[in-house]
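Structure first, then comments.
The values are calculated or read from the model by the stated rules, or taken from the named source; none is laboratory data. Not measured: the values here are computed from a predicted model. Note that we place each Cβ from the backbone using ideal geometry, even for glycine, and neighbour counts take in every protein chain shown. The area values use the complete protein model at the heavy-atom level, side chains included, leaving out ligands, DNA and RNA. Shrake-Rupley method; radii C 1.70, N 1.55, O 1.52, S 1.80 Å.
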Amino acid sequence: MDTLALVPGAVGIALSPLTVASIVFLLGHRRGYGSAVACAVGWITAIVVALVVSVLLGERLPAPSADGAPVQAIVALCASALLFGLAAWQWVRRRLPDGSPASSRWSRAMEAIGPARAFGLGALLFLSPKLFVLVLAAGLAFGDADPSPLETVVAGAVFVLVSGSTALLPIVLAVTLGSYARRALAAVRVGIARWGSLSLVAVLVVLAIVQLVIGLVGLLGPR
């Protein structure tokens, strides 16, 4: 299968501002790298579990028939509508009543947590409708392409790697650059607080358009 078809959804998951902000915040805390690594592992574990479930679901959907609309196309149209709705909702809630960016609330609310709680936090951060839709779209791509076991493993690994890259990157920078990474991580935190919500809106709109095109092609294309 074409692994490039999975990249948009993976990028959408990677651009989850709360996850990146949590990792960056934990790296600057006195408990240091342990909690940040645990949070990233919890996040990636949740991605893997959700992807496996979505792939199994996609494989069990009925195959397209000549006398009916393809199930994948209908699901893609539903996913497109939901993504557009989530983008609108994200746009409305991008700021708090006091005018501050909504994504800045997370860093203020975070307290010192140990690795065990950080792992749970990373997993819980995946409990979001928009993330489930993105993973479901990836699972449907697997089911529609019907890849070989090797292709499934390779494509799944690429999806997980891209999805979890933004959670791992701050940790890699902190480990390799040490004290020199503090300024960069602080700038990342400020950027997430200012632009995280808007970037997520843009990604959701792009993904909604992609799913809309997939759905329309599946419904109107030759069978």
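Key figures
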{"read-out": "Members of the stretch 115-136 that are open to solvent by 10 Å² or more (accessible area, probe 1.4 Å) and more than 28 Å from residue 79 (Cα to Cα)", "value": "115, 116, 117, 119"}
{"read-out": "Qualifying residue in the stretch 75-89 (condition: at pLDDT below 80, assigned to a helix (DSSP H, G or I), under 30 Å from residue 149 (Cα atoms) and among the β-branched types (Val, Ile, Thr))", "value": "yes"}
{"read-out": "Count of residues meeting criterion [over 15 Å from the mean Cα position of the chain (by Cα), modelled with pLDDT under 70 and not aromatic (Phe, Trp, Tyr)] in the stretch 193-209", "value": "2"}
{"read-out": "Checklist (1) crowded, with 17+ Cβ neighbours inside 10 Å; (2) at pLDDT 75 or above applied to residue 92, failing item", "value": "(1)"}
{"read-out": "Residue in the stretch 163-188 that is surrounded by the fewest Cβ atoms within 10 Å (Cβ to Cβ), counting only those that are out of contact with any Phe, Trp or Tyr (no Cβ under 8 Å at 6 or more places or on another chain) and small (Gly, Ala, Ser)", "value": "179"}
{"read-out": "Filter result (among the polar types (S, T, N, Q) and part of a helix (DSSP H, G or I)) within the stretch 139-183", "value": "152, 163, 165, 166, 176, 179"}
{"read-out": "Test: residue 136 is assigned to a helix (DSSP H, G or I) and either among the charged types (D, E, K, R) or modelled with pLDDT of 85 or more (or both)", "value": "no"}
{"read-out": "Among (1) modelled with pLDDT under 75; (2) among the aliphatic types (A, V, I, L, M); (3) under 15 Å from residue 18 (Cβ atoms) - the single one residue 187 does not satisfy", "value": "(3)"}
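Each row is one residue, and each column tells you yes or no for (1) of a type in the set (Val, Ile, Thr); (2) modelled with pLDDT of 90 or more; (3) out of contact with any Cys (no Cβ under 9 Å at 6 or more places or on another chain); (4) open to solvent by 20 Å² or more (accessible area, probe 1.4 Å).
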{"residue": "30", "(1), (2), (3), (4)": "no, no, yes, yes"}
{"residue": "34", "(1), (2), (3), (4)": "no, no, yes, yes"}
{"residue": "37", "(1), (2), (3), (4)": "yes, yes, yes, yes"}
{"residue": "40", "(1), (2), (3), (4)": "no, yes, yes, no"}
{"residue": "44", "(1), (2), (3), (4)": "yes, yes, yes, yes"}
{"residue": "50", "(1), (2), (3), (4)": "no, yes, yes, no"}
{"residue": "54", "(1), (2), (3), (4)": "no, no, yes, no"}
{"residue": "58", "(1), (2), (3), (4)": "no, no, yes, no"}
{"residue": "63", "(1), (2), (3), (4)": "no, no, yes, yes"}
